[in-house]
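All remarks here apply to the structure that follows.
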Amino acid sequence: MTPSVNPSDASAEGPDLIPHRLASAPTAQGMVVPFVTLAHRDRSRPVWGQLDATRLRAALVERLCQICGDPLDDPVVVYVRPADFLRGIAVEPATHRACGAYSTRACPMLAGRIHRYNPVTRDRFARCQDPACTCRYWTRGEPEPAETPREGQPADAWYEVEIALADYRLADDPDTARSSAGVGIDLRHPTFRRIRRIRDAAPGTDDRQPVDPLAMLMVVRELFRDGGPFA
Ligand SMILES: [Zn+2]
Ligand SMILES: [Zn+2]
């Protein structure tokens, strides 16, 4: 998942080891700047927590990794919240396995070190001196930073799911409050090859989601490990 929070919130352990695949990726504060993160033309100057709507849509439609921006390969890693699973659509672009593993270590939200999505203040959209940078459009829209309705909200539980590249299909998302790209990755048809819970919901928010369907799915898969509908 895109690190949607300021890395200064990270623990004092320092930046995690950057995998080979991301060796030439831009970094800021020691963290890789994901392909889909809004940034100045000098991509080592990101606006942490904001998505670039054009890149977000390109990643989803062109099957690019949201971290490195290269074409996905098999298996595809998708980040899913219980509510996404219920709606049958993942709004986050997918990642390579190595890029996903890096972001679950480096992103304070996915690593469970913080419990609230980072609110974004307007001064974080400060313009730079580069006349070729599109940041001059940021406050007027066109292209606008993607809406991030999660800002300031308590963290959700997140799961990491692996699907086959051949199962990667887009689904329209009519709920534009949740998906600025208008599309997401179809979760209704692919077989989940692997599913792993990577963080719990923020403390005290469990009552928002009486039953976590992905937790149930993991239990059912365990029961039917040697056969049955999820084998
Ligand atoms: Zn700029
Ligand atoms: Zn990647």
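The values are calculated or read from the model by the stated rules, or taken from the named source; none is laboratory data. No experiment lies behind these values; they were computed from the predicted model shown. Here the Cβ is made from the backbone with ideal geometry for all residues, glycine too, and neighbour counts use every protein chain on show. Keep in mind that these areas ignore ligands, DNA and RNA; they rest on the heavy atoms of the full protein, side chains included. Shrake-Rupley method; radii C 1.70, N 1.55, O 1.52, S 1.80 Å.
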Problem set entry | Criterion (within 16 Å of ligand 2 (Cβ to nearest atom), out of contact with any strand residue (DSSP E or B) (no Cβ under 9 Å at 6 or more places or on another chain) and not charged (D, E, K, R)) met by exactly one of ALA59, ALA94 | ALA59
For this session: Please go through region 181-204 and pick out each residue that is more than 25 Å from ALA53 (Cβ to Cβ) and of a type in the set (Gly, Ala, Ser).
Result: ALA201, ALA202, GLY204
For this session: Among the strands (runs of 3 or more DSSP E) lying completely within region 19-128, list those that include at least 1 residues that are within 16 Å of ligand 1 (Cβ to nearest atom).
Result: 37-39, 46-52
Exercise. Of all residues in region 135-163, which are more than 27 Å from ARG193 (Cα to Cα), modelled with pLDDT of 75 or more and in contact with an Asp or Glu (Cβ under 9 Å, 6 or more places away or on another chain)?
Worked result: TYR137, TRP138
For this session: Considering only region 53-66, state which residues are touching a Pro at 6+ places or on another chain (Cβ under 8 Å) and either open to solvent by 30 Å² or more (accessible area, probe 1.4 Å) or at positive phi (or both).
Result: ALA53, THR54, GLU62, ARG63
Problem set entry | Candidates VAL32, VAL47, VAL77 - the one that is farther than 20 Å from ASP172 by Cβ and either open to solvent by 20 Å² or more (accessible area, probe 1.4 Å) or over 14 Å from the mean Cα position of the chain (by Cα) (or both) | VAL47
